[in-house]
Each structure stands twice: as C-alpha cells, then as structure tokens.
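The values are calculated or read from the model by the stated rules, or taken from the named source; none is laboratory data. Computed from a predicted structure; not experimentally measured. Cβ atoms come from the backbone with ideal geometry, glycine included; neighbour counts cover every protein chain shown.
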C-alpha cells in the first residue's frame, strides 16, 4: 500500500498535466467537429454535415493515405539508416562511443527550421546537388531537381529523424547481454547468424519504438512539406492548417485532426497486440 501511495503521488502531476493540456483540448476539438460553423449563431448548432463532407470528399482521403504512405517510408528508411549507426556505436566504437553519439545528436540542437531550409538550398536549382550533377554532366539548365515533390519531403524528414531513431535502437542494443552473443559463437553461429538469431530479435523493441517515434509525428507534418514539398509534396497536416487559419473552418479542421489521430493510433494498437509497451520504453 505504501508503494502504491508513492507511485500515485509521483504520477499525479503527469496525469494532471496530460489531462489539462492534452485530453481536455482533445475533447474540445471533438466537440467542435459537430458544430455547424466556427463563429456566430452556427457555433451553437450541432450537425453531422462535416462528417458527411469528409466521407464524400475523396481528395481528403487520398491526401490522408498519401501522408500515411510517405510517413511509412520515411520511418522505414530512417530505421534502416539509424540501425547500422547504433550497431557501430554499441559493438565497434569502443571508448569513442559517447563521443560519437554526441556528435550524432549535435545537429538536433540546431533549429528544426534551419535544418529544413538547408535542404531547400541543397536540393534547389542552384544548390549543392544541382551543381554537382551539372559538374558531372548529368543535368542541364537550372530547373529544380529534387525540390518541391514528395521525394524532397522524404529526404528531409529522414535526415531530421535519423539521430532520434538511433537513440532507442542504441539503448536496445546496449541492453543485450554479451554472453548471449558469445554463446551463439560457441554453438557455431557465424556473425551473420548471430545477428539474425540473437541481436536483431533482442533489438526489435528499439526498432519498433524508433519506427513509431518517426511515424506518429510525420503523419501530421506540415512545416517540411510547406518548405520543400511544394504543391506536389503537400501532406494532410497542411490541409488541416489551412482549415484552421485560411478557411476558418474549425469544425472541419477538428474532424480532420481526429481522423489523423485515429490513423496514428492504429499502428499503436497493432504493436500492442504483439509487443508490450513497457518493452518499447525499455522497462
């Protein structure tokens, strides 16, 4: 009973913080999705019209699906790039482990906006990549090569998230008992077999955590598509932003936000069926 009281005291501030700053706004947003309008008398009229409009608007649904697809591939590519980095830090870096880990994290200290804008310069018509391809004779003219399309959004988001994904994978690999790998080698496993049978399965919680760590926020990303995506690279978050700021259609924006939230919760529900959330947290 004493331990339970201590736990209750410790988690109460966090629970109150989430209730006030997350659950309460979420409930208000859900209530707003049923309102007929944002201002005036329509504010007090409740209707399902916005739900019908959303279900009948195939453009919204296609854009949501495209955002999910882009986020999925960004998450996959980020994990594939971050895993070798984390593996090298744990098993090959030796005494330089913390130094190299710090170097990897340092770019994250720079403003997110500046990092995105740097890729806008790199991928632009007169940027580093265009200059390199022109010098190699692989392109002509000054038209943008990778800028203002989904590819530019994917490249930028992968660059932004790799350091963050390397951390949970690094933590998962670091928890692996070296005796397990030594036992695998004693039983005749090669390095590849030991990796497939021992290292990879034991590091899956970190891999899954890293995947979700990228997938969840990138589904609603709107800054990166606005800067490097252009009209072709627009994502669902940009439309939500327009509904709130430009169209002043808060009920539709609230509904679209709830739809995106349901899409984000789906992989969490799937993962929870096979992996304990405490394992993802490293508990």
### Task
Look at residue 221 and say whether it is farther than 30 Å from residue 94 by Cβ and either modelled with pLDDT of 90 or more or in a helix (DSSP H, G or I) (or both).
yes
### Message
What's the number of the only condition in (1) outside any helix (DSSP H, G or I); (2) exposed (fewer than 11 other Cβ atoms within 10 Å of the Cβ) that residue 146 fails to meet?
### Response
(2)
### Residue in region 90-104 that is surrounded by 13 or more Cβ atoms within 10 Å (Cβ to Cβ) and under 21 Å from the mean Cα position of the chain (by Cα) present
yes
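Based on what the data block shows, is residue 262 over 14 Å from the mean Cα position of the chain (by Cα), modelled with pLDDT of 90 or more, surrounded by fewer than 16 Cβ atoms within 10 Å (Cβ to Cβ) and under 14 Å from residue 67 (Cα atoms)?
So residue 262 passes the test.
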#### Entry: Pairs with Cβ under 7 Å, 6+ apart, first in region 217-241 and on the phi > 0 side of the Ramachandran plot and in contact (Cβ under 8 Å) with a residue 12 or more places away in the chain, second surrounded by fewer than 19 Cβ atoms within 10 Å (Cβ to Cβ) and part of a loop (DSSP other than H, G, I, E, B)
230/149
### Task
Return the only residue of 251, 205, 267 being touching a strand residue (DSSP E or B) at 6+ places or on another chain (Cβ under 6 Å), part of a helix (DSSP H, G or I) and surrounded by 14 or more Cβ atoms within 10 Å (Cβ to Cβ).
251
### Task
With the checklist (1) modelled with pLDDT under 95; (2) surrounded by 13 or more Cβ atoms within 10 Å (Cβ to Cβ) in hand, flag the one item residue 77 doesn't pass.
(1)
### Query
Looking at (1) out of contact with any helix residue (DSSP H, G or I) (no Cβ under 8 Å at 6 or more places or on another chain); (2) within 29 Å of residue 172 (Cα to Cα); (3) surrounded by 10 or more Cβ atoms within 10 Å (Cβ to Cβ), which is the only condition residue 45 fails?
(2)
### Message
What's the total number of residues in region 49-89 that are without any contact (Cβ under 8 Å) to a residue 12 or more places away in the chain and within 21 Å of the chain's Cα centre (by Cα)?
### Response
6
### Query
What are the residues in region 105-136 that are surrounded by 11 or more Cβ atoms within 10 Å (Cβ to Cβ), in a helix (DSSP H, G or I), free of Cβ contacts under 8 Å to residues at least 24 places away in the same chain and out of contact with any helix residue (DSSP H, G or I) (no Cβ under 6 Å at 6 or more places or on another chain), if any?
118, 121, 130, 131, 132, 133, 134
### Query
Has region 143-164 got any residue that is on the phi > 0 side of the Ramachandran plot and modelled with pLDDT under 80?
no
## Note on the structure
Inside region 175-189, the number of residues satisfying the requirement of being part of a helix (DSSP H, G or I) and either within 18 Å of residue 94 (Cβ to Cβ) or touching a helix residue (DSSP H, G or I) at 6+ places or on another chain (Cβ under 9 Å) (or both) is 7
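Rundown of residues vs (1) assigned to a helix (DSSP H, G or I); (2) more than 25 Å from residue 163 (Cα to Cα); (3) in contact with a helix residue (DSSP H, G or I) (Cβ under 7 Å, 6 or more places away or on another chain), yes/no style:
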position: 38; (1), (2), (3): no, yes, yes
position: 64; (1), (2), (3): yes, yes, yes
position: 83; (1), (2), (3): yes, no, yes
position: 96; (1), (2), (3): yes, no, no
